[in-house]
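A.B. asks: Below is a structure I'd like to ask you about.
The values are calculated or read from the model by the stated rules, or taken from the named source; none is laboratory data. Note that the coordinates shown come from a computational prediction; the quantities given were computed from them, not determined experimentally. Using ideal geometry, Cβ is built from the backbone for each residue, glycine included, and neighbour counts are taken over all protein chains shown. Areas reflect the complete protein model, heavy atoms only, side chains present, ligands, DNA and RNA absent. Shrake-Rupley method; radii C 1.70, N 1.55, O 1.52, S 1.80 Å.
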Amino acid sequence: MQWGAIVFAGTLWCWLDLRDLRRRVTAKGYVEHEFIEFEDHVALRSECKTNLDAPPVTDKTLLGRLWHRHGTQLFVAIAPLASAGYAISRVADSTGGIEAVLLVLAVLGLPLLLWFFSKVVCGFYLHVYLVYQIERRSGKPVLLQNGDRD
């Protein structure tokens, strides 16, 4: 049941992040700005000129409102745990053994793992899936442009 919850949370996180990236790609005209069509090939700019960074947390979403109200307190409460690994391991070891230490590490490491998988999925979408779609649509190979020729 725990593994199912972790897989569900990871899938949901990746899907939401990918959906947001797809919206930004469409809204900012990423394909139109970054891919240049020539007679025999399509060139992908070596230096990205389109800013696809996620917008800052807004008050439009529930998580955004929670972050703006309680984000600083949450950060202040959790930040000391990052440098207190030895103390946590001593307390957890004396109360619950190695299993408690591994549980604390899993709880602290799971958000980082989900974030990592989300970035891998978004990178695959941008650098593999979009390139494949453009190659299929145009019938020409997509090559990385060397230098800036407009």
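A.B. asks: Any chance you could run the full-extension gain for residue 51 through residue 9? It's 0.36 nm times the residue separation minus the Cα-Cα distance, nm to one decimal.
C.D. replies: Answer, rounded to one decimal: 12.4 nm.
A.B. asks: Go ahead and run the numbers for FRET between residue 33 and residue 108, Cβ-Cβ distance against an R0 of 41 Å, rounding to 0.05.
C.D. replies: It comes out at approximately 0.55.
A.B. asks: Moving on to the next point. For the range 97-142, what does the accessible surface come to per residue with a 1.4 Å probe? Please give it in Å².
C.D. replies: 69 Å²
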